[in-house]
Amino acid sequence: MAEHRVEAGRTLMVSGPASATLLEGEAQVLGAPLRPGERVTIRRWRLLPIYAVKPSKVGVELGSGGGVEEYAGSTIPQAWWEASNRLVSHSKLKPLTVAILGGVDVGKTSFTVFLANRGLQEGLRVSVVDGDVGQSDLGPPCTLGSAQLSKPVFDLFFVKPERLEFAGSTTPSKVGGRMVEALRRLCLQELERSNLVVLNTDGWVAGGEAEAFKVKLTLRVGAEVAVGLQASGELEPILERLEGEGVEVLRLPASPRVRVRSRSERRELRWQAYTKYFGQASLRSLNLQQVKVSGGEPKPGAILALYGPARRLLGIGVLLAYHPQRETLKILTPAKGFIGEVEVGEVLADFALQGHARLLQR
């Protein structure tokens, strides 16, 4: 373990794969205190900003490809602090749903975590709703998830979702209508038990269809405030339309230290989520005389929603084989219990060419 001494007012930026432990001093990560002796895991292609409130010593273990850089000051813009203080104050008076909007690689997830941590530090009950079907953190890709946080977090990937909704695709443009209604349900459910509900949305923002989708989504979930993270005004068509609908808009700068990821890195991040979800999966054979199939023709590589009694979502699965003559489906899933209905989603490129073998070899 390499030890790094960080002066007060500076930030140690750790890129994964790595782990970091506060050995001495006082530090924060995304608005939450890092406790002495606490070990934090940083995933590959993720960054962790450790800000030294007082002179600190941080132990870092790097995996292959991991790295460490040090910066003067905080990587959290002052505007983020001001916005979070305003939103937290509002939530103390009345429960609030906030939609986080922005393109890819602008820091939406970082601000979501930062705002959630600030709310928890102020004694609020805070829920997070993950609305990104392609780069989801709470649940596996193709799903939308929510959870009420019990403690500050540094990475939503390590939070277990309490509720999941099936979208059936990793592409918002293909399932936009379904996403809107699913996220509406999740946000309303969380608002019944939390002071602050933070909805993190996907990065599809360019073009008329994307603009209409984001406006409709923000309005349908009941968000009173939309936070727009942008680098050069790219969100203005959406934000101006929302203001015209009576939604309060907070315009914030993109994260100054965000990591721009390639297409292949984004695909590997999805595989991290698949691997987490399918970690305890098993092979199951379903008899089609006992199971209803909806949503389309079963094709190998398709993502599946698996429902129990009363159409309760048990989990998702991957279709490995369909045998019409034997009337059976062979699937890989961690879902337990009786499956009464299978809804067929999109055939994913991640699985289409025997990609599921990566899960079987876990």
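The values are calculated or read from the model by the stated rules, or taken from the named source; none is laboratory data. Please read all numbers here as calculations on a predicted model, not as lab measurements. Backbone-built Cβ (ideal geometry, glycine too); neighbour counts: all protein chains shown.
Can we say R311 is at positive phi and either in contact with a His (Cβ under 8 Å, 6 or more places away or on another chain) or basic (K, R) (or both)?
In short, yes.
Remark: E224 falls outside the filter, which requires a residue to be without any contact (Cβ under 8 Å) to a residue 24 or more places away in the chain and either over 15 Å from V180 (Cα atoms) or acidic (D, E) (or both). Per the conditions (1) surrounded by fewer than 16 Cβ atoms within 10 Å (Cβ to Cβ); (2) assigned to a strand (DSSP E or B), the sole criterion not satisfied by L286 is (1). Kindly establish whether L115 is crowded, with 23+ Cβ neighbours inside 10 Å, part of a strand (DSSP E or B), in contact with a Ser or Thr (Cβ under 8 Å, 6 or more places away or on another chain) and in the same structural domain as K151 (by TED's automatic domain parsing). No. Taking every residue in region 274-285 that is more than 18 Å from V159 (Cβ to Cβ) and free of Cβ contacts under 8 Å to residues at least 60 places away in the same chain and pairing it with any residue that is surrounded by 12 or more Cβ atoms within 10 Å (Cβ to Cβ) and among the small types (G, A, S), at least 6 positions away or on another chain, the pairs with Cβ-Cβ distances below 8 Å are R284/G317.
Conditions tested, residue by residue: (1) of a type in the set (G, A, S); (2) outside the structural domain of C187 (by TED's automatic domain parsing); (3) in contact (Cβ under 8 Å) with a residue 24 or more places away in the chain; (4) touching a helix residue (DSSP H, G or I) at 6+ places or on another chain (Cβ under 6 Å).
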position	(1), (2), (3), (4)
L219	no, no, yes, no
Q230	no, no, yes, no
E243	no, no, no, no
R259	no, yes, yes, no
R270	no, yes, yes, no
N287	no, yes, yes, no
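Being aromatic (F, W, Y), over 25 Å from R44 (Cα atoms) and touching a residue at least 12 places away in the same chain (Cβ under 8 Å) is a property that F166 has. Every listed requirement among (1) in a strand (DSSP E or B); (2) in contact with an Asp or Glu (Cβ under 8 Å, 6 or more places away or on another chain) is met by R270 save one, (1). Going by the conditions given, is V291 within 27 Å of L30 (Cα to Cα), in contact (Cβ under 8 Å) with a residue 24 or more places away in the chain and of a type in the set (A, V, I, L, M, F, W, C)? In short, no.
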